[in-house]
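Q: Below you will find the structure I want to go over with you.
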């Protein structure tokens, strides 16, 4: 979807107000870059604006936030640079790479699902260098723990399908590496499936109908997050136990999620964007390490699958959705 289409969509949606533009030329502009439509990231955007507010910046009062979303992230990032925005907020790892390629001058605040040093976004966590800083969500690093918790919930599983997005190569590789190591230690057999479009997700689940796995491990990433309703629907339809990386999936009907509190990570990004508007330089802002991790279990989904949640797992859950 092109940017103009997003602007049109946003203009008619009360849930995500687009900041004023021409009528307030002196107001600093933050360009929010993300491959997803804004309604798919409403919780994250709300948290980001809360973080900005904590630094004294309120959307449409003393700062303007403009959402640039769509498939062609490099083009959108270049457009933000031409507009001379005060900062770019990259809501996904693909957006971060697009922004980094577009400018070495405009400050960039990113959301990284795993080590941004290994990914090549920054020189170090304590001294990022250059014009980028942000939040490391440890999504890839907690993949092994997520598989361990999932095995506790579905002890009979021996063959686990792992769903990756090949377009998000760095994130997919990090998730797969951690899962493979954990699976070997637990004696699990894994089979990798790739999906980078909605139709490919449909096709993967169609293949499960013919050659069924015991359980499904969905990799992290912006694309799968935006498709969470589709994913949880198919898992329910096929009565396939599945585990996901963030609570948004469990809230959408998914069986179990474990990972970073992503909403809080976006709030932290808002705080950093606000500090940059006040004059801080990205190179002087250490990459923040996510500290909130949460296990969310959907009790209704478990009942539909005929699963009894172990008392020990219930006791450790941060939330049980009834």
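Where a number appears in this text, it was derived from the coordinates with a stated rule and is not lab data. Owing to the predicted nature of the structure, the values given are computational and were not obtained by experimental measurement. Every residue, glycine as well, gets a Cβ built from its backbone with ideal geometry; the counts of neighbours run over all protein chains shown.
Q: Would you mind telling me which residue in 250, 64, 311 has the biggest mean-square fluctuation in a Gaussian network model of the chain, where springs connect alpha carbons within a distance under 10 angstrom?
A: 311
Q: Tell me the angle of helix 93-102 to the major Cα principal axis of the chain, expressed in degrees between 0 and 90 and rounded to the nearest ten.
A: Once rounded, one gets 30 degrees.
Q: Given a Förster radius of 41 Å and the C-beta distance between residue 152 and residue 71 as r, what FRET efficiency does 1/(1 + (r/R0)^6) yield to the nearest 0.05?
A: Efficiency for this residue pair is about 0.60.
Q: Rg to Rh ratio, segment 81-232, alpha-carbon atoms and Kirkwood radius?
A: When Rh is taken as the Kirkwood radius, the ratio is 1.04.
Q: Once the Cβ-Cβ distance between residue 293 and residue 181 is put in as r, and R0 is 25 Å, what FRET efficiency do you end up with, to the nearest 0.05?
A: My answer for the efficiency is 0.85.
Q: Stretched out fully, how many nm does the piece from residue 26 to residue 214 gain, at 0.36 nm a residue minus the Cα gap?
A: 61.9 nm
Q: Between segment 272-311 and segment 109-144, how far is it from one alpha carbon centroid to the other, in angstrom?
A: What the calculation gives is 15 Å, centre to centre.
Q: Which angle between 0 and 90 degrees, to the nearest 10, do you get for helix 228-237 versus the longest principal axis of the chain when only C-alpha atoms count?
A: Taking Cα atoms only, the helix is inclined about 10 degrees.
Q: Once the cut-off is 17 Å, how many percent of the Cα-Cα pairs in segment 139-178 end up in the long-distance tail?
A: 34 percent
Q: Kindly put 245, 126 in sequence by how many other C-beta atoms sit within 10 Å of each C-beta, fewest to most.
A: Least crowded to most crowded, the residues run 126, 245.
Q: Apply the Debye scattering formula to the chain, with a single equal point scatterer on each alpha-carbon and no solvent, then give log10 I(q)/I(0) at q = 0.08, 0.12 Å⁻¹.
A: Debye output, listed in q order: -0.37, -0.80.
Q: On to the next question. Please compute P(r) over all alpha-carbon pairs of segment 48-152, binned at 10 Å starting from zero, and give each bin as a whole-number percent.
A: 14, 39, 33, 11, 3, 0
Q: I would also like to ask the following. Among 174, 31, 279, which one shows the highest mean-square fluctuation when the chain is modelled as a Gaussian network with alpha-carbon springs under 10 Å?
A: Top of the fluctuation ranking is 279.
Q: Provide Rg and Dmax in Å for segment 195-268, with only Cα atoms included in the calculation.
A: 12.4, 44
Q: As a footprinting exposure proxy, order 133, 243, 291, 312 by other Cβ within 10 Å, with the fewest listed first.
A: 312, 291, 243, 133
Q: Further question on the same structure: Could you put 53, 281 in order, starting from the residue whose Cβ has the fewest other Cβ atoms within 10 Å?
A: Final ranking by Cβ density, sparse to dense: 281, 53.
Q: Compute the normalised compactness of segment 145-201: alpha-carbon radius of gyration over 2.2 N^0.38 Å, N being the residue count.
A: For segment 145-201, the normalised Cα radius of gyration comes out at 1.17.
Q: Jot down the radius of gyration and Dmax of segment 148-244, Cα atoms only, both in angstrom.
A: Rg and Dmax of segment 148-244, Cα atoms, are 12.5, 34 Å.
Q: Can you tell which of 222, 47, 78 shows the greatest fluctuation in a Gaussian network model of the chain with Cα springs below 10 Å?
A: Of 222, 47, 78, the Gaussian network model singles out 78 as fluctuating most.
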